[in-house]
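The values are calculated or read from the model by the stated rules, or taken from the named source; none is laboratory data. Since the model is a prediction, treat every value here as computed from it, not as a measurement. Reconstructed Cβ throughout: ideal geometry from the backbone, glycine too, with neighbour counts over all protein chains shown. Keep in mind that these areas ignore ligands, DNA and RNA; they rest on the heavy atoms of the full protein, side chains included. Shrake-Rupley method; radii C 1.70, N 1.55, O 1.52, S 1.80 Å.
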Amino acid sequence: YPTLFEEFPHARYANLPCFRLTGTALLLDSQEQSIHQAHENDTIERLSKVLMMIRSRTAPLQSLHSLKWDLGLPDNFEKVLIPKYPDHFSFVKAPTGVSALRLKRWREEFAVSALEKSNEGEEMGDEYRQFKRGQTTLAFPMNFPRGYGAQKKVRAWMEEFQKLPYISPYEDSRHIDPNSELMEKRAVGVLHEFLSLTIHKKTKRNYLRSLREELNIPHKFTRLFTRYPGIFYLSLKCKTTTVALKEGYRRGKLVNPHPLVRLRHKFYHVMRTGLLYRGKGANLIPREDILLKDMENRMEDKEEEGGDYDDDDDEDEEYEEIETGDEYDEETSDVED
């Protein structure tokens, strides 16, 4: 990757090769730090909401470290971010003996889910006001694979599911029968909210499993993704099970990409440029500032393109090898037992 690393001679030993970051790599790092600083309040809100969905308001640091890329946290967030907010968070020892992060006080202004926010708009204003008065429920946006949603049994089942009361992921669920349909809808709401908090609107299944008990979701929660393919999207790409929130994408592209997502695309572009033309890497370095700007402009142009998130060929750019049938449950049931 000559666009990210360059070789230079040692100050004392001319035959000893040394390596350092290129100017482009340093520029990318500087841009990332600027984004973290500019969006720090948003980061604190996302982290607080994750902890608010957990019954004990406490999450193991190991689990949060696995999720830091998806949640847009700084790489060493426990050292550079958490100490700046002593009134919000504290480090504690979990009953299992591991280090954990605890939310010190409840933030009522954060206790509004993404589904509730999406219904606060002008078009859904009346329906949302009725929901707040307890007169109706909130429906999850759904976009089924081709042919799936046209089945009468599926439509009838989804209509009954949508009629069930919506339980906020920030409400106490201990009074709900764990084997009831209402509890299943509550679990769907928790997973929907969790994926909404990730900046890529997706995460690995194993990362969710590490917080399964804390989030109070079923042991075999993978079945929820296959039972509701209109809400979630499963990928088995690179032999890794990843789940995405369908409404977060249109034609395989994020609807509202976070600035960190844009930066990561630029970083990937610089990496790929160096990999493809590594024999000429030294000649590419002076042009990389232009490449960065061009890449950003192309990303913005693509994100302005219209279109709904459907199951056309464009979707394959982001995900591959999708399973949405019962056979996937059989494949993974042994793993989750």
(request) Past 30 Å, Cα to Cα, is the threshold; run Lys104/Lys204; Lys84/Lys185; Lys246/Lys266; Lys68/Lys185 against it and keep the listed order. (result) Lys84/Lys185
(request) Can you tell me which of 218-230, 184-196, 28-40 comes out highest on packing, and rank the rest after it, using the mean Cβ neighbours within 10 Å? (result) 184-196, 218-230, 28-40
(request) Mind listing the long-range amide H neighbours of Phe5? Cut-off is under 5 Å, sequence gap 5 or more, other chains count too, H placed in the peptide plane at 1.01 Å from N. (result) Thr22
(request) Mind ranking Phe144, Phe232, Phe267 by accessible surface for me, highest first, 1.4 Å probe? (result) Phe267, Phe144, Phe232
(message) Taking 0.36 nm per residue of sequence separation and subtracting the Cα-Cα distance, how much length would be gained by fully extending the chain between Ala38 and Thr240, in nm to one decimal?
(response) 69.5 nm
(request) Report the relative contact order of the stretch 216-264, percent, no decimals, based on alpha-carbon pairs under 8 angstrom and at least 6 residues apart. (result) 20 percent
(request) Report ³J(HN,Hα) in whole Hz for each residue of the stretch 84-96, in order, from the Karplus equation J = 6.51 cos²θ - 1.76 cosθ + 1.60 where θ = phi - 60°; Gly and Pro get x. (result) 6, 10, x, 7, 9, 10, 8, 8, 9, 9, 6, x, 7
(message) Modelling each spin label as a point 7 Å along the Cα-to-Cβ direction, I'd like the Val112/Phe5 distance in nm, to one decimal.
(response) 4.8 nm
(message) Could you report the accessible area of Thr43 in Å², rounded to 10, computed with a 1.4 Å probe on the protein chains as they sit in the structure?
(response) 10 Å²
(message) Test of understanding: extend the Cα→C-beta vector of Asp172 to 7 Å, then name every residue of the stretch 189-229 with backbone N under 20 Å from that spot.
(response) 190, 213-217
(request) Keeping all protein chains in position, work out how much accessible area Trp69 exposes to a 1.4 Å probe, and write it in Å² to the nearest 10. (result) 150 Å²
